[in-house]
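The values are calculated or read from the model by the stated rules, or taken from the named source; none is laboratory data. Just so it is clear, the model here is predicted, and its values are computed rather than measured. No Cβ is skipped: glycine too gets one built from the backbone with ideal geometry, and neighbour counts run over all protein chains shown. All accessible areas refer to the heavy atoms of the entire protein, side chains included, with ligands and DNA or RNA removed. Shrake-Rupley method; radii C 1.70, N 1.55, O 1.52, S 1.80 Å.
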Amino acid sequence: MWVDIALPLPLKQVFTYHVPPNLRAGVRLGGIVAVPFRARALSGVVTAVHESAPNPAVPVYKDVSYIPYSGETVLPHFLELTRWISERYGCSWGESLLLVTPFLKKTRIQHSAPVPQDGESSEMPDVSGAVPQLTADQSAAFSAISSSISKNEHKVYVVRGVTSSGKTELYLRIMEHSLSGGKPALFLVPEISLCPHFQNVLSRRLTGRCVRVWHSQMSVRERRAVSEEIRTGKVDVLMGPRSALFAPLNAVGVIILDEEHDSAYKQQEKPRYHARETAVRLAQLHNAVVVLGSATPSVESFYRAKSGEWSLLSMPTRVPGQILPGIEIVQRKNTKQSRVLGPELLQAITVAIARREQTILALNRRGFSTFALCGACGYVWKCPECQVILVHHEMYEENVPGRGLYCHYCFHREDVPTVCVKCKSMRLFLGGIGTQKVVQEVKRIFPSARVARLDRDVATKRHAVKQTYESIRQEKTDILVGTQMATQGFDFPRVTLVGIVDADTALHHPDFRASEKTFQWVTQAAGRAGRSARGGKVLVQSLLPEHYALVCAQKHDYETFYGQEVEFRRLLNFPPFCELVLITIQSKSHKPKVPDEAARYAEQIRPFVADKSVLMLGPGPCPKEHLRGQVRWQILVKCFGAESLKNVVRA
């Protein structure tokens with residue numbers, strides 16, 4: 001017996017090994033085996049089994065050493081899915097198989113909030129309550145989706161529902177329908193920190209059903225325990241972030257992606273993949289339905305729905321008793337009272353406090369000040385490893401990084417300077433606004449207000465997210481200051497005011513999706529207000545109040561925004577009118593060779609440029625040329641067609 005093995009190495013080919021007689025009974029397709037590779041032993045996955053030597057010209061094949069994980073097998077549909085990932089996203093088959101065999105490598109620890117295990121209290125309040133009656137829009141959406149599930153029909157539905165239109169209730173009904181037909185459901189959320197809330201909602205609503213969570217912060221032991229429950233058919237609903245796609249479900253009736261537009265669904269580290277595209281491919285293999293839900297669908301998803309490739313379902317109104325909040329865009333300006341909060345926002349906060357209502361102030365910048373500057377010579381403090389500007393942090397909570405200048409990429413830290421390292425001047429200036437500075441301003445102006453902060457720095461402290469949300473639910477917090485974490489997917493009825501401190505942060509990024517991200521962020525943040533009969537108000541501070549992303553968000557007008565944005569993409573040949581391939585060449589030990597290596601890659605792609613099926617930009621330095629001690633160059637390739645995409649990835 002001979003087997004082909006995919007090894008977790010950046011090598012495209014699989015490797016053939018001979019299976020000695022004493023191991024043949026335990027070797028099967030998808031099994032995990034240990035093999036010698038050069039001077040070391042590696043574990044890999046069996047991708048093919050041969051009864052005779054596949055290449056008679058090879059005189060001797062090395063033997064499989066042993067079977068390290070008896071009983072561990074990659075399911076056939078995951079062999080196909082990972083092969084597809086390797087071809088689409090340009091990694092080896094062995095590297096993509098790490099997604100379904102995480103025990104073959106060291107577990108990566110993500111910098112995000114700790115997640116409670118089963119038995120711990122949820123971080124968010126239970127919002128399930130009694131089963132509500134469906135609105136007409138919900139009923140129409142449910143009828144279409146449930147029909148496809150009943151027919152075992154693979155179909156992709158884009159559900160565009162405004163905030164508080166009842167998407168969660170629709171998801172619950174869809175899952176109940178899938179389970180009634182004996183088909184498990186897979187439910188994805190953008191962030192691990194959202195899992196406790198939704199697990200609580202699902203468990204309370206789906207009584208008698210087994211709801212389990214799967215994510216990258218679980219230990220190997222915890223994953224194996226859930227895997228055993230899946231294998232024995234005990235798990236009815238599995239939920240988690242993007243990694244839950246690779247939990248060993250043998251069958252699934254529906255895959256639901258909540259907030260499908262969120263960039264967290266895209267894995268930036270190798271093996272790279274987009275959860276939306278991967279979910280669609282996985283559903284094809286299961287003949288299952290995919291539901292992509294969002295108040296602000298990605299331009300790519302909405303385009304595919306409008307063009308008829310996918311199906312579009314709309315829920316344009318909130319559920320009865322809730323109305324969309326009014327959004328006012330105001331000029332961001334300094335006043336004598338505050339250099340952070342404008343007069344309109346200060347007045348609105350004063351009214352909310354007087355009415356014993358709650359406020360959320362959102363700003364997508366962590367820290368206190370965003371840069372340290374010498375007023376004499378203009379020197380700006382940068383990270384020596386990444387060459388990005390260091391962010392000034394103050395200390396407010398226990399176990400949160402103390403006062404200093406921090407790099408948000410490699411976590412380099414320096415003390416706050418008292419003298420310029422270049423000219424020795426003491427005229428130093430800390431500029432820019434972060435969430436910590438907003439908290440300081442709010443406490444100074446409203447000393448009696450109870451203020452909390454929620455961003456990644458706070459969330460690293462165990463139970464911090466739980467305590468913050470509980471304090472809001474129990475009305476122990478008047479004002480919550482936070483980043484996107486504070487404005488994502490939660491329901492607080494007493495929040496009547498949302499203030500966006502600076503809506504322009506994303507607009508200035510060198511990203512063709514900058515306008516889309518700004519529209520999505522403002523719309524999602526605004527959705528936290530007005531979730532009760534009290535109504536709500538949203539104030540957006542900006543220096544670009546007439547930008548179409550902000551104007552459309554103000555009007556809750558996704559269709560108009562989409563029309564303008566998709567035309568911009570069409571003119572400049574950006575997705576959805578092409579497929580983008582970003583090739584990054586980076587090195588820490590051979591920095592001078594990076595430009596030459598980038599040029600070599602460009603020459604491999606250049607033949608495809610001649611037939612106009614490919615447009616190549618670069619090579620050139622990355623926007624952040626120096627990061628974590630590496631020099632980084634890039635090539636951006638626009639591919640017009642599936643075949644050109646395959647050619648570029650292969651090259």
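Assorted remarks:
- Number of the condition not met by Leu172 [criteria: (1) closer than 17 Å to Asp491 by Cβ; (2) open to solvent by 20 Å² or more (accessible area, probe 1.4 Å)]: (2)
- Selected residue (only one of Ala506, Ala529, Ala549 is in contact (Cβ under 8 Å) with a residue 60 or more places away in the chain, crowded, with 23+ Cβ neighbours inside 10 Å and either on the phi > 0 side of the Ramachandran plot or within 25 Å of the chain's Cα centre (by Cα) (or both)): Ala529
- Residue check for Cys386: within 16 Å of Arg628 (Cα to Cα) and buried (at least 16 other Cβ atoms within 10 Å of the Cβ): yes
- Qualifying positions in region 280-322 - in a strand (DSSP E or B), touching a Leu at 6+ places or on another chain (Cβ under 8 Å) and small (Gly, Ala, Ser): Gly293
- The set of residues in region 196-238 that are of a type outside the set (S, T, N, Q), part of a loop (DSSP other than H, G, I, E, B) and either at pLDDT 90 or above or touching a Pro at 6+ places or on another chain (Cβ under 6 Å) (or both) comprises Leu206, Gly208, Arg209, Cys210, Trp214, His215, Gly233, Lys234, Val235, Asp236.
- Residue list for region 367-380, restricted to those being touching a residue at least 24 places away in the same chain (Cβ under 8 Å), of a type outside the set (Ser, Thr, Tyr) and surrounded by fewer than 21 Cβ atoms within 10 Å (Cβ to Cβ): Phe371, Leu373, Gly375, Ala376, Cys377
- Restricting region 393-413 to residues that are over 17 Å from Val465 (Cβ atoms) and of a type in the set (A, V, I, L, M), the residue that is modelled with the lowest pLDDT is Met395.
- Looking across Leu636, Leu615, one residue alone is open to solvent by 60 Å² or more (accessible area, probe 1.4 Å) and within 30 Å of Tyr303 (Cα to Cα). It is Leu615.
- Considering region 403-443, the residues that are free of Cβ contacts under 8 Å to residues at least 60 places away in the same chain and in a helix (DSSP H, G or I) include one that is nearest to Gly629 (Cα to Cα), namely Val439.
- Single residue of Ala185, Ala140 found to be surrounded by fewer than 18 Cβ atoms within 10 Å (Cβ to Cβ), touching a residue at least 12 places away in the same chain (Cβ under 8 Å) and either farther than 19 Å from Asp262 by Cβ or not polar (S, T, N, Q) (or both): Ala140
- Set side by side, the residues Thr496, Thr468 differ, and just one is more than 23 Å from Glu260 (Cα to Cα), free of Cβ contacts under 8 Å to residues at least 24 places away in the same chain and among the hydroxyl-bearing types (Ser, Thr, Tyr), which is Thr468.
- So Thr560, is it in a helix (DSSP H, G or I) and among the polar types (S, T, N, Q): yes
- Only one entry of Glu80, Glu87, Glu95 meets the criterion of being under 30 Å from Gln267 (Cα atoms), touching a residue at least 60 places away in the same chain (Cβ under 8 Å), acidic (Asp, Glu) and surrounded by 19 or more Cβ atoms within 10 Å (Cβ to Cβ), and that entry is Glu95.
- Filtered by the rule that a residue be open to solvent by 10 Å² or more (accessible area, probe 1.4 Å) and touching a residue at least 40 places away in the same chain (Cβ under 8 Å), region 199-211 gives Gln199, Asn200, Arg204, Arg205.
- Scanning region 359-378 for residues that are in contact with a helix residue (DSSP H, G or I) (Cβ under 8 Å, 6 or more places away or on another chain) and either acidic (Asp, Glu) or assigned to a loop (DSSP other than H, G, I, E, B) (or both) yields Leu363, Asn364, Arg365, Arg366, Gly367, Phe368.
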